[in-house]
Each structure stands twice: as C-alpha cells, then as structure tokens.
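Notes follow once the structure below has been shown.
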Ligand SMILES: Cc1cc2nc3c(=O)[nH]c(=O)nc-3n(C[C@H](O)[C@H](O)[C@H](O)COP(=O)(O)OP(=O)(O)OC[C@H]3O[C@@H](n4cnc5c(N)ncnc54)[C@H](O)[C@@H]3O)c2cc1C
C-alpha cells in the first residue's frame, strides 16, 4: 500500500481552510500552517462588522462586481455561488439571512461561532493545524521553509497551497512578505495596492487634510444621505447614493470604498482625483435652488440652511470647509454646490489600513486549476490573487470559491499522477 499523499496548506484564512476541507474530504493528509498563534484572525475581524458572507442580488449582477476579473473568477464563483455558500454555512449550523441591502449575514452577525464549528469539523476530519509556523519561502532544493517555535523546519509535501491573503492589517497575519519569493521563482505578481480604502483630502492652498476645526469637531461623523460621483478624463464613471465618514485626514466608509478602485487609479495616474458630493440626493436641483433663494431676512445663513434645507452638522461644516465666502453668499453658486460639491483627494490611505488588497498573483501565471505554471504542484487561492471587489460579501465569497477550486485542483492533479 502506498503512503497517503501529504499536502501542505499555508494560510488559515477562509481560502486556506476551505481548501483544507476539500482536500481532507478527498482522502489526503492535510497539514495547515499559519504564522499566527490562531487561524482566521481577519475573518474574525470581519465579524466585528457583522460578517457579510456574500450578497443576495441576481447572480449575473453579482458577477459584475468583480470588474476586470469577472471572466477569470466566474467558473469558480458559479461552482460555489452565494446559495452554495449559504448552504455550506447552514451545514455548520449557522443560519444566514439577507439584509435589506441584499447583503447576506449569519443570523447572529458573528464570525466566531462559524469559525469555531468549522475548525472543530476540520480537526475531526483529520486536518492537522500548525500554528506559529511562518512560511519563509523555499530552500534551494525546493523544500518549504518554516520558522517554527522549535526552530527552522523544512518539508516536502506532494503539493502545496498558498493562501496567504493580501497585505492589509498585517498584524492579523497577512503581510504580503510572499511577493518577492514568488517573483524570484518566475511568478508574475501585480503590485499590491489598497482596495476598499479611505483617502486623504487636499484643500486648495493647503498640503493636505482638513482644517483643525473640521478635524476636531467632525472626525468620525457620518455623512448621510449623500451621493458620490466621479468622472475620470478617460471616461470611467461612478455614481451612487449611500454614506461615508469624515476621518482626521479625509474620508472613508462604504460609499468611498465602492469608488476606491477608480479613485486610487485616478490618483496614481494624475496625482489627485476630484469627486463631487450631492448633499441633498433626494431633492431636485430646482427645489434646492428655490429654497436657497428664499429671502432669509435677519436669519443667519446657517439657520437658513438648517430650517429650509435640513443642512446642518457635518454637511454644513463641509460647505464652509470647501466653499469660500463669496460662493457661500451667492445663492446660485451655493445651490449648485449643494448638489455637486467638489472634493479633491490627494492620496489613498496606506495599504495596511485598507479592507482588502488589489494586485497579487496574476491569473496568467495560473492554470485553470489555480496551479502556478512556473511551479508545478504549487497552487494559490484567496485574496493573494490579482482581483478586487467592493465590500458587500464579494471578498469572502471569492476567497471561499477559489479555496475550494484550488483544493479540487490539487486533488485532480494528484489523481492524474502529474507530480
Ligand atoms: C476590517 C475588515 C472587515 C472585513 N469584512 C468583510 C466582510 O464583512 N465581508 C467580506 O466579504 N470580506 C470582508 N473583509 C475581507 C476578508 O476578511 C478577506 O478578503 C479574507 O479574509 C481573505 O481571505 P484569505 O484566506 O485570502 O486571507 P486571510 O484571511 O488574510 O488569511 C491569510 C492567512 O495566511 C496567514 N499567512 C500569511 N503569510 C503567512 C506566512 N508567510 N506563513 C504562514 N502563514 C501566513 C495569515 O496569518 C492568515 O491567517 C474584511 C476585511 C477587513 C480588514
């Protein structure tokens, strides 16, 4: 009898754990290594925001959220679509529901019970977890090198899955250190960039940032409802209503994240990007113009804006921050600004602060089983691949789906005896 195949999964996030589940079900010995003292740390952090597992919108629309990588991801997402993901969670005893926005969450909005049940199932199926094992690349002979609590460890599995995540929130484990190791072995890796990130603002005549007044009074304040529009010189457009948050140096939050790929690329190309804010998205320009133009008698502008248009707090502060005195006191220009207030952004916030990472292992470097063409027997999955998507459950769904596909790809590769 031949010894069972031994496979290494490196990275215990959603992608690596899903691959381990597929592999162990395929009858192979799975050793899962993670640099951290416990696995799934970013997944648990996602639980702090309610754990948006996937999205309940029509599947054709769902696929479009993956933008330029839709075609590459479609087969894996079709094989593990939002319905399959919900069924899988149900199998772990975690019921899910579709929120009013279409986003899908566990009934208790928590990640810990799901992760606990999943790890228990993986362990009883035979997956061996090796925590505090940091992968450090390959030896010259091609063995995997780990920094382990007992010192350096090298192993030569029959196949390896890299599911190392992106490079945001490095303190949770994914730090992007793998990039040069793969590049040195001939793997084409697109530069890692922030995705679903905040931005720093730039004010005319100032290096960057808000005034002290706005920062001290309104950092942390949500701006809602508001519509955000971007139009780039090369014809890319974004327009959506929602909400964002003023930060100490700029803006962040779901509406900003949704536009972040476009804004980031625009800043990279031209050094800055300008978006426009509609502070009264539910009101027509004519209504706004008529209300602004009403005689205000002895009342101050602030009182007028508040009583006639419902503009106060952070929205009023933004008007005062971004318009000069002349604009504020010219009814026509003020009305126009309420519907289209320009805001200049000068930098994306650093990658470490981003929700997710764009860039990574290019799909051209992988075959249809997610195996690296330059390194037969080494597969990749999850956020370390070169795709990005907005928040809304799209990130986790694609991590699960690619983890599952890579696990199946490894089994197929072993079965074909190609190693
Ligand atoms: C604040 C926040 C909230 C989020 N909320 C959501 C949400 O609600 N919905 C959603 O869809 N997505 C959300 N995401 C994104 C989602 O969590 C990630 O896309 C997902 O966790 C990526 O899965 P992964 O398995 O590819 O990588 P990760 O989850 O990053 O896991 C990678 C693992 O690899 C390990 N590792 C890395 N390098 C090494 C090494 N050299 N040696 C050994 N181990 C290594 C790490 O320790 C880590 O455990 C959120 C992200 C953040 C930061």
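No value in this document is a laboratory result; all are computed from the given coordinates. Please read all numbers here as calculations on a predicted model, not as lab measurements. Ideal geometry is used to build each Cβ from the backbone, glycine not excepted, and the neighbour counts take in all protein chains shown.
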_Volume in Å³ per residue [convex hull over Cα atoms, computed for the range 16-166]_ = 139
*Out of 312, 352, 286, any idea which swings most in a Gaussian network model of the chain, alpha carbons joined below 10 Å?*
286
*Report, in degrees rounded to the nearest 10, the 0 to 90 angle that the Cα long axis of helix 82-91 makes with the longest principal axis of the chain.*
60
_Of all DSSP beta bridges in the chain, antiparallel share, percent nearest 5_ = 75
_Compute the angle between helix 112-125 and the longest alpha-carbon principal axis of the chain, please, reported from 0 to 90 degrees and rounded to the nearest 10._
10
*Provide the descending list of Cα extents for the range 77-126 along its principal axes, expressed in whole angstroms.*
38, 26, 12
_Between residue 368 and residue 330, what is 0.36 nm times their sequence separation minus the Cα-Cα distance? Round to one decimal in nm._
7.6 nm
*All-pairs alpha carbon distance profile, the range 285-389, 10 Å steps from 0, percent*: 12, 29, 13, 13, 13, 13, 7, 1
_Solution diffusion estimate, µm²/s, Stokes-Einstein, the range 250-300, Kirkwood Rh from C-alpha pairs, 20 °C, viscosity 1.002 mPa s_ = 153
*Calculated from DSSP H runs of 4 or more alone, at -39500 (n - 2.57) each and per residue, what is the 222 nm mean residue ellipticity of the chain, nearest 500?*
-10500 deg cm²/dmol
_Order these by the 10 Å Cβ neighbour count, fewest first: 105, 218, 59._
59, 105, 218
*Top mean-square fluctuation among 41, 179, 308, Gaussian network model of the chain, C-alpha springs under 10 Å?*
308
*Which whole-number percent gives the relative contact order of the range 1-159, counting Cα pairs below 8 Å spaced six or more residues apart?*
29
*In whole angstrom, how far apart do the alpha carbon centroids of the range 1-72 and the range 107-143 sit?*
10
_Whole-Å semi-axes of the range 174-313's equivalent ellipsoid (Cα gyration tensor)_ = 38, 17, 13
*Find the relative contact order for the chain and round it to a whole percent, using C-alpha pairs within less than 8 Å whose residues are 6+ positions apart.*
24
*Could you state the principal axis extents of the C-alpha atoms in the range 1-53, from the largest down, to the nearest angstrom?*
49, 22, 10
*Return one number: the angle in degrees, 0 to 90 and rounded to the nearest 10, between the long axis of the Cα atoms of helix 70-79 and the longest principal axis of the Cα atoms of the chain.*
60
*Determine, from the Cβ-Cβ distance of residue 79 and residue 101 and an R0 of 35 Å, the FRET efficiency 1/(1 + (r/R0)^6), rounded to the nearest 0.05.*
0.85
_Inter-label distance, nm, simple model (7 Å from Cα along the C-beta direction), residue 71/residue 302_ = 5.6
*Any idea what diffusion coefficient the range 371-419 gets from Stokes-Einstein, in µm²/s, Kirkwood Rh on alpha carbon pairs, 25 °C, 0.890 mPa s?*
209
_Considering the Cα positions of the range 133-211, please state its Rg to one decimal place and its Dmax as a whole number of Å._
18.6, 60
_What number does the chain give for Rg over Rh if you use C-alpha atoms and the Kirkwood radius?_
1.06
